[in-house]
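The structure under discussion appears below in the form of structure tokens.
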Amino acid sequence: MLPLTLIASIALLACGGERIVEVTVQTEIIRTVEVEVPVEVEKEVPVEVVKEVEVIREVAVEVVKEVEKEVEVIKEVEVEKEVEVQVVVTATAVLPATATPVPAATDAPPSRQAPGELVWAIGDSQRNWSGFNAGNLCCAAKALSVVETLFKPVGTNIADNLLAESFEFDSDLTYVDVKVRQGVEFHKGFGSLTAEDVAWSANDTNPNLSNELGSGQTSVTDGSGTWAGFLGSNPSEALDDSTVRIRWENFDPRWDTWFFGQDGLGAGIVSKKAFDEMGKDWNNDNIVGTGPFEFTNWIRGDRTEYTALSSHWRQAAQISKITRVSVPDESVRIVMLQNGEADIAEIGTSNIPTVERFGMVRNGSGTARMVTVMFAGNLWETNHLTTGDPLEIVTYTHDLPWLGNPHKPDDGNNPAGMDDMEQARLVRTALAMSVDRQLINEAVIGGVGWPVEIPYFDINHPDWDNDRWGVGYDPAMAEALLDQAGFPRGSDGTRFKIAMFAWPVGHFYGDIGDAIAQFWEEVGVDVDVLHYEYTVFRPTLVGRSATQAWTDTGPLENFATTPWDFPRGIQMSAIARGGKSHGIEIPEATANYKAVSAEPDRAARIELNKGFADFLRHWVPGFGVVAAPSLIVYNPNSIGSWDMEPGLRQAINSPEKITLP
């Protein structure tokens, strides 16, 4: 149990595999005491676990934060053609400093590994990905520098050349020709990189093309729906050995960052020759990339090994090997750090101060996930923007309070003078207003994050206007809106019931979902929190049949480092059909995504996104909860330094930059 007496106190109890959070309003002044309880584990090594944390705060005190802001850097690309096209992006957003690291009470333990051989304890089971993009090559292979991409972030330049040497747009911005770096060798003796490898990898990422022009299966890689909207059914093609033409359905100024960047969505460049010669099954279990680390061993559900190359075209690593070991229990990961069995570990943000007490060092790329609640099932579009085909809509079989039905706005269940869209808007607004974001930040993620008001837009960005887009915490207003929407409390105090998918127990998305559920219970909404695996829930998102509220970040827009002018909305658009989305399809989101993607002027893109923020605040298809910095911890006796590049999405990158102590 984790009692916190704040404006409302939250207790998290484990019961029969579910997480239950109780909220009781008590006082406006917080009092807390730290109690450290020794825990014994199999190796008889004590671990300090913070059982109770208290923060003393008087709500009458006004706190002013001063945040240094970094000057945005403009990247200009001139196209040598009759018409000059200028595509401008910004540097990554500046985030506020996270909580100050806790001073070590003891020295870090010596590592049990040989110098340069690192053991990394992670919570993931390492079973749901593949060695090629359609099978979900995804994230770790790029973050750990096994595969490389056309571009990568370097300092303030979020799209420096990597496997690309140069590129040139056509005059109408319908495609780009990329010159591929020559002399780059694939791992395992599969020859040199060519433009054909780049084209095959891109086509295999796109679910519209992966069956015919890729691995022969529909792409399920992270962000595959976004790829479908970006490229449409336009294949990438090799013009010669060193030139690939990437043709898109809709231009997107993030083409070189999110789509073909080292910290973006899929499209790691792997060997077509390896797939052709060794087949799908072999490539499911092996990754053939071009990075400074080679994928050398994978025992599904247990461990993966990454061995550094002795030489590399870009940078050889100082360390020799990384072994990532699946350790689902965080308390065991903490013990492994404390006794030197692990050199790096994924630790929940609320427990990072605990491991810092025995000498561990926190680190990260600077990115933060903005956790939001999305109201899946709000399918307001009727036709696909690209094809014009009517969209199958199956989510309005039942009249659910949070689903607005524009296809049948007068359903006989609305208060006089109110259509179904307005009724559902009031319900969603009330649910958003009933959540105390700052309390969740302090109780669930240890106060290292900050509130999020609406999806996609970080409150620390210079363009943020809280008077314009802030939601706030107002349970009294929430109750009034629910009454107005026609859902008064019944004799048992309940207004209606809602299901919420909140990821598995143990993931902080799940803990956040549990906390939100208790705030909703306070305003009379009965919540059924679902804690099963995301792999079970995901097909309902792809199939557009989900009708639950659910905790999400989304694969691209919902990161605090996302520059303000980047397109937003594809996860709320039918453009993404064929892949995962928020389970929401809204014409205004489609229009915004199209308009911002096609706009080469940065200032104009910012203004378009401000209008989209207005729409999100008014209609509340989803609402923000909290931003959680993505962090890992490591043993300073194993790693001297790890200077990562600024991240857009992943917590870590560039292990080749690790130095030995």
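Determine whether Gly301 is under 30 Å from Met500 (Cα atoms), open to solvent by less than 10 Å² (accessible area, probe 1.4 Å) and part of a loop (DSSP other than H, G, I, E, B).
Criteria not met by Gly301.
Suppose we filter segment 443-469 for residues that are among the small types (Gly, Ala, Ser) and open to solvent by less than 20 Å² (accessible area, probe 1.4 Å); how many remain?
Matching residues across segment 443-469 total 2.
Check Thr395 against each of (1) open to solvent by less than 40 Å² (accessible area, probe 1.4 Å); (2) under 30 Å from Gly229 (Cβ atoms); (3) at pLDDT below 95; (4) touching a strand residue (DSSP E or B) at 6+ places or on another chain (Cβ under 7 Å) and name the one condition it does not meet.
Condition (3) is where Thr395 drops out.
Assess whether Ser219 counts as being open to solvent by less than 50 Å² (accessible area, probe 1.4 Å), among the hydroxyl-bearing types (Ser, Thr, Tyr), within 30 Å of Arg369 (Cα to Cα) and part of a loop (DSSP other than H, G, I, E, B).
Considered against the rule, which asks whether it is open to solvent by less than 50 Å² (accessible area, probe 1.4 Å), among the hydroxyl-bearing types (Ser, Thr, Tyr), within 30 Å of Arg369 (Cα to Cα) and part of a loop (DSSP other than H, G, I, E, B), Ser219 comes out as yes.
Checking Ala424 against (1) open to solvent by less than 30 Å² (accessible area, probe 1.4 Å); (2) in a helix (DSSP H, G or I); (3) modelled with pLDDT under 95, which single condition isn't satisfied?
It fails just one condition, (3).
Kindly indicate whether any position in segment 430-442 is over 21 Å from Thr553 (Cβ atoms) and open to solvent by 10 Å² or more (accessible area, probe 1.4 Å).
The answer is yes; a qualifying residue exists.
Out of Asp222, Asp240, Asp197, report the one residue that is of a type outside the set (Ser, Thr, Tyr) and at pLDDT below 95.
Asp222
If a residue has to be surrounded by fewer than 23 Cβ atoms within 10 Å (Cβ to Cβ) and closer than 30 Å to Gly155 by Cβ to count, how many in segment 544-556 make the cut?
Total meeting the criteria: 1.
In this structure, does Gly232 turn out to be at positive phi and open to solvent by 10 Å² or more (accessible area, probe 1.4 Å)?
Against the criterion (at positive phi and open to solvent by 10 Å² or more (accessible area, probe 1.4 Å)), Gly232 does not qualify.
Scanning for something open to solvent by less than 50 Å² (accessible area, probe 1.4 Å) and either among the charged types (D, E, K, R) or modelled with pLDDT under 95 (or both), does segment 473-483 turn up at least one residue?
yes
Checking the condition open to solvent by 40 Å² or more (accessible area, probe 1.4 Å), acidic (Asp, Glu) and outside any helix (DSSP H, G or I), which residue from Asp565, Asp614, Asp528 passes?
The conditions single out Asp528.
Taking only pairs six or more apart or across chains, which ones have beta-carbon atoms under 6 Å, a first residue in segment 623-647 that is without any contact (Cβ under 8 Å) to a residue 24 or more places away in the chain, and a second residue that is surrounded by fewer than 20 Cβ atoms within 10 Å (Cβ to Cβ) and of a type outside the set (Ser, Thr, Tyr)?
Gly640/Leu660; Gly640/Pro661; Asp643/Lys657
Listed here are the residues, each with its yes/no results for (1) acidic (Asp, Glu); (2) under 24 Å from Ser233 (Cβ atoms).
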site: Ala140; (1), (2): no, no
site: Phe167; (1), (2): no, yes
site: Asp172; (1), (2): yes, yes
site: His187; (1), (2): no, no
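On the given criteria, is Gly510 touching a Pro at 6+ places or on another chain (Cβ under 7 Å), buried (at least 20 other Cβ atoms within 10 Å of the Cβ) and assigned to a loop (DSSP other than H, G, I, E, B)? So that I can check it myself, show each step before the final result.
Numbers: touching a Pro at 6+ places or on another chain (Cβ under 7 Å): yes; buried (at least 20 other Cβ atoms within 10 Å of the Cβ): yes; assigned to a loop (DSSP other than H, G, I, E, B): no.
No; evaluated as a whole, the condition is false for this residue.
May I ask you to list the residues in segment 249-271 that are open to solvent by 10 Å² or more (accessible area, probe 1.4 Å) and among the aromatic types (Phe, Trp, Tyr)?
Within segment 249-271, just Phe251 meets the criteria.
Could you look through segment 531-543, keep only residues that are in a loop (DSSP other than H, G, I, E, B) and under 20 Å from Asn136 (Cα atoms), and pick out the one that is least open to solvent (accessible area, probe 1.4 Å)?
Gly543
When you scan segment 102-213 for strands (runs of 3 or more DSSP E) that lie fully inside it, which ones turn up with 1 or more residues that are polar (S, T, N, Q) and surrounded by fewer than 22 Cβ atoms within 10 Å (Cβ to Cβ)? Walk me through how you get there before you give the answer.
Values: elements: 117-122, 151-154, 157-161, 164-169, 175-180.
Passing ranges, in order: 157-161, 164-169.
Please pick out the residue among Gly264, Gly232 that is over 23 Å from Lys152 (Cβ atoms) and in contact (Cβ under 8 Å) with a residue 24 or more places away in the chain.
Details: Gly264 fails: over 23 Å from Lys152 (Cβ atoms).
Of Gly264, Gly232, the one residue that is over 23 Å from Lys152 (Cβ atoms) and in contact (Cβ under 8 Å) with a residue 24 or more places away in the chain is Gly232.
Examine segment 576-592 for a residue that is in contact (Cβ under 8 Å) with a residue 60 or more places away in the chain, under 20 Å from Gly229 (Cβ atoms), among the hydrophobic types (A, V, I, L, M, F, W, C) and in contact with a Leu (Cβ under 8 Å, 6 or more places away or on another chain), and state whether such a residue exists.
Narrowing segment 576-592 to residues in contact (Cβ under 8 Å) with a residue 60 or more places away in the chain: 576-587, 590.
Still in the running and under 20 Å from Gly229 (Cβ atoms): 576-587, 590.
Remaining after also requiring among the hydrophobic types (A, V, I, L, M, F, W, C): 576, 584, 586.
Then drop every residue that is not in contact with a Leu (Cβ under 8 Å, 6 or more places away or on another chain), which leaves 584.
Yes, segment 576-592 contains a residue that is in contact (Cβ under 8 Å) with a residue 60 or more places away in the chain, under 20 Å from Gly229 (Cβ atoms), among the hydrophobic types (A, V, I, L, M, F, W, C) and in contact with a Leu (Cβ under 8 Å, 6 or more places away or on another chain).
Among the candidates Gly264, Gly291, Gly279, Gly268, which residue alone is in contact with a Cys (Cβ under 9 Å, 6 or more places away or on another chain) and not basic (Lys, Arg)?
Working: Gly264 fails: in contact with a Cys (Cβ under 9 Å, 6 or more places away or on another chain); Gly291 fails: in contact with a Cys (Cβ under 9 Å, 6 or more places away or on another chain); Gly279 fails: in contact with a Cys (Cβ under 9 Å, 6 or more places away or on another chain).
Criteria check complete, one pass: Gly268.
Looking at segment 321-339, can you tell me whether even one residue there is assigned to a loop (DSSP other than H, G, I, E, B), within 22 Å of Lys657 (Cβ to Cβ) and open to solvent by less than 10 Å² (accessible area, probe 1.4 Å)? Step through it out loud before you land on a result.
Restricting attention to segment 321-339, the residues satisfying the condition of being assigned to a loop (DSSP other than H, G, I, E, B) are 327-329, 339.
Pick out the ones that are also within 22 Å of Lys657 (Cβ to Cβ) and you get none.
No, that holds for no residue.
Quick one: which residue in Ala589, Ala595 is among the hydrophobic types (A, V, I, L, M, F, W, C) and either outside any helix (DSSP H, G or I) or open to solvent by 10 Å² or more (accessible area, probe 1.4 Å) (or both)? Working first, answer last.
Numbers: Ala589 fails: either outside any helix (DSSP H, G or I) or open to solvent by 10 Å² or more (accessible area, probe 1.4 Å) (or both).
Of Ala589, Ala595, the one residue that is among the hydrophobic types (A, V, I, L, M, F, W, C) and either outside any helix (DSSP H, G or I) or open to solvent by 10 Å² or more (accessible area, probe 1.4 Å) (or both) is Ala595.
In contact (Cβ under 8 Å) with a residue 60 or more places away in the chain, more than 29 Å from Lys610 (Cβ to Cβ), of a type in the set (D, E, K, R) and outside any loop (DSSP other than H, G, I, E, B): is that true of Glu442 in this structure?
yes
List, please: which pairs have Cβ atoms under 9 Å, are six or more places apart or on different chains, and start with a residue in segment 267-278 that is at positive phi and without any contact (Cβ under 8 Å) to a residue 12 or more places away in the chain and end with one that is surrounded by 24 or more Cβ atoms within 10 Å (Cβ to Cβ) and part of a loop (DSSP other than H, G, I, E, B)?
From residues that are at positive phi and without any contact (Cβ under 8 Å) to a residue 12 or more places away in the chain, there are no pairs.
The values are calculated or read from the model by the stated rules, or taken from the named source; none is laboratory data. Source: prediction; values computed, not measured. Note that each Cβ is placed from the backbone with ideal geometry, even for glycine, and that neighbours are counted across all protein chains shown. For accessibility, only protein heavy atoms count, side chains too; no ligands or nucleic acids. Shrake-Rupley method; radii C 1.70, N 1.55, O 1.52, S 1.80 Å.
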